[in-house]
Amino acid sequence: MPQLKYEQIADHLRARITEGEFGPGDLLPSGRELTGQFGVSRATVIKAMDILRNDGVVVARQGAGFTVVKTPVARPAGRRSSNDRVTEGRPYKRLGTPTKEVPPQRVADAMQLPEGAQALRRARLVLLDDGDPFTLVIAWFPQDIADNCPRLGMKGPIAEGTTNYVARCTGRSPARGVDTHTVRLAAKEEAELLRLSQPAAVAVALHAAYDRDGRALVCEEGVTSGDLWELTDSYTMGASS
């Protein structure tokens with residue numbers, strides 16, 4: 001399906017931000033510039049900016065237009081109730097440099113990888129509003145995704161978010177997600193990063209996202225202190241027929 005004009009504008013700006021043309025706090029092209037460049041109405045440009053704002057990529061500045069966010073947000077691993085990264089996202093910091101490794105067996109199984117196959121590992125620490133650790137997330141990307149999305153292998157955040165970046169580079173978007181929740185004791189490194197005294201119980205969310213053909217796009221493992229983890233489900237109930 002061909003992209004609508006506002007989607008084209010949003011993707012165009014995402015690409016320029018991700019490639020470093022606009023950095024944190026930089027002012028984006030004005031509405032007048034974008035209407036002229038793309039031959040669209042002001043309302044179409046506003047709709048494109050609304051998408052980027054909901055993605056946590058830009059913020060509106062009174063009387064100035066839109067600027068790139070200074071502090072990107074990321075979501076914990078697990079169920080995505082909406083596409084709004086601002087509502088579900090939290091501040092975070094990237095940990096270390098992405099590396100290619102053989103993932104744990106549970107991750108390899110979720111990603112349908114052959115035995116011994118490597119995947120790209122990216123780690124982030126999602127923070128509470130006061131800056132304390134909230135959840136440690138290790139994201140694993142299959143080799144074909146990593147090859148087509150070179151910035152996944154670079155140090156530092158991707159302002160538009162990895163989901164949008166992967167979709168833009170590969171044309172593949174999440175169509176189905178599978179989440180598995182378990183409880184265990186924290187490993188030493190996990191306890192140190194989450195500032196927990198051992199032994200400490202943690203909740204683990206294993207989230208795998210697949211495209212419409214059933215191919216894995218990413219598998220994330222989120223580790224959260226048992227004191228902070230909470231899962232609420234809302235569902236319809238009724239008498240059985």
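The values are calculated or read from the model by the stated rules, or taken from the named source; none is laboratory data. The structure displayed is predicted, hence computed values, not measured ones. Note that we place each Cβ from the backbone using ideal geometry, even for glycine, and neighbour counts take in every protein chain shown. For accessibility, only protein heavy atoms count, side chains too; no ligands or nucleic acids. Shrake-Rupley method; radii C 1.70, N 1.55, O 1.52, S 1.80 Å.
Assuming ASP130 fulfils every condition listed in (1) within 18 Å of the chain's Cα centre (by Cα); (2) farther than 14 Å from LEU217 by Cα; (3) without any contact (Cβ under 8 Å) to a residue 24 or more places away in the chain apart from one, which condition is it?
(1)
Could you tell me whether any residue of segment 69-89 is within 23 Å of GLY171 (Cβ to Cβ), surrounded by fewer than 19 Cβ atoms within 10 Å (Cβ to Cβ), modelled with pLDDT under 85 and outside the structural domain of VAL218 (by the TED database)?
no
For segment 98-127, what are the residues that are more than 21 Å from MET154 (Cα to Cα) and either assigned to a strand (DSSP E or B) or of a type in the set (Val, Ile, Thr) (or both)? Let's see the steps before the verdict.
As a first pass, look at segment 98-127 and keep what is more than 21 Å from MET154 (Cα to Cα): 104-116, 127.
The answer is VAL107, LEU127.
Need the failing condition index for VAL107 against (1) open to solvent by 40 Å² or more (accessible area, probe 1.4 Å); (2) at pLDDT 95 or above; (3) of a type in the set (Val, Ile, Thr); (4) in contact with an Asp or Glu (Cβ under 9 Å, 6 or more places away or on another chain), just the number.
Looking at each condition in turn, VAL107 falls short on (1).
Could you check, for segment 35-46, whether at least one of its residues is under 30 Å from TRP229 (Cα atoms) and among the hydrophobic types (A, V, I, L, M, F, W, C)? Walk me through how you get there before you give the answer.
To start, the set of residues in segment 35-46 that are under 30 Å from TRP229 (Cα atoms) comprises none.
Checking segment 35-46: not a single residue is under 30 Å from TRP229 (Cα atoms) and among the hydrophobic types (A, V, I, L, M, F, W, C).
So, in segment 183-241, how many residues would count as being of a type in the set (Phe, Trp, Tyr) and within 30 Å of PRO114 (Cβ to Cβ)?
Count: 1.
Filter segment 99-127 down to residues that are under 25 Å from GLY89 (Cα atoms) and without any contact (Cβ under 8 Å) to a residue 12 or more places away in the chain, then give me how many there are.
Looking only at that region, the number is 0.
Would you mind listing the strands (runs of 3 or more DSSP E) fully within segment 165-225 where at least 3 residues are among the small types (Gly, Ala, Ser) and open to solvent by 70 Å² or more (accessible area, probe 1.4 Å)?
Values: elements: 176-185, 201-210, 216-225.
Of the strands (runs of 3 or more DSSP E) lying wholly inside segment 165-225, none has at least 3 residues that are among the small types (Gly, Ala, Ser) and open to solvent by 70 Å² or more (accessible area, probe 1.4 Å).
Out of (1) open to solvent by 30 Å² or more (accessible area, probe 1.4 Å); (2) without any contact (Cβ under 8 Å) to a residue 60 or more places away in the chain; (3) hydrophobic (A, V, I, L, M, F, W, C), what's the single condition that is false for CYS149?
(1)
Looking at (1) in a loop (DSSP other than H, G, I, E, B); (2) at pLDDT 95 or above, can you tell me which one ASP130 breaks?
(2)
Here are ILE46, ILE9, ILE17: which of them is open to solvent by 20 Å² or more (accessible area, probe 1.4 Å) and either within 24 Å of the chain's Cα centre (by Cα) or under 22 Å from VAL166 (Cα atoms) (or both)? Give the steps one after another, and end with the answer.
Working: ILE9 fails: open to solvent by 20 Å² or more (accessible area, probe 1.4 Å); ILE17 fails: open to solvent by 20 Å² or more (accessible area, probe 1.4 Å).
Criteria check complete, one pass: ILE46.
Just the residues that are free of Cβ contacts under 8 Å to residues at least 40 places away in the same chain, of a type in the set (A, V, I, L, M, F, W, C) and touching a helix residue (DSSP H, G or I) at 6+ places or on another chain (Cβ under 7 Å), please, taken from segment 187-221.
Selection gives ALA200, VAL202.
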